[in-house]
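Step one of this worksheet: look at the structure below.
Nothing in this text is a laboratory measurement; each read-out follows from the coordinates by a stated rule. Note that the structure is predicted; figures quoted are calculated from it, not measured. Quick reminder, even Gly has a Cβ in these numbers, built from the backbone with ideal geometry, and neighbours come from all protein chains shown.
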């Protein structure tokens, strides 16, 4: 049973506490988490809200998708599980020392 929503298009002024307060209008909120850049600590503009019930999650999607919050229209939908990343994909750089050159 999924009870988590994705919230996109967040203002950089939004806080986890303000999101928790807002989304509690739809149902009991377990947690509010804004995703931040691991180097700068700055918000990436999206986060996740977890509810105690599936009904709270569905009510949040209906009530807050397109809702204007801090001058931004929120995008709210059911959170999907993270996609598994392939550690070998596309991160190889060419160039550098070449042993075959004379």
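Numerical summary
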quantity: Tally of residues being farther than 14 Å from residue 10 by Cβ and exposed (fewer than 10 other Cβ atoms within 10 Å of the Cβ) across segment 63-92; calculated: 13
quantity: Failed criterion for residue 5 (all others in (1) within 18 Å of residue 73 (Cβ to Cβ); (2) surrounded by fewer than 16 Cβ atoms within 10 Å (Cβ to Cβ); (3) in contact with a strand residue (DSSP E or B) (Cβ under 7 Å, 6 or more places away or on another chain); (4) in contact (Cβ under 8 Å) with a residue 12 or more places away in the chain hold); calculated: (2)
quantity: Meets criteria (in contact (Cβ under 8 Å) with a residue 12 or more places away in the chain and surrounded by fewer than 16 Cβ atoms within 10 Å (Cβ to Cβ)) for residue 39; calculated: no
quantity: Candidates 77, 33, 65, filtered to the one that is free of Cβ contacts under 8 Å to residues at least 24 places away in the same chain and touching a helix residue (DSSP H, G or I) at 6+ places or on another chain (Cβ under 8 Å); calculated: 33
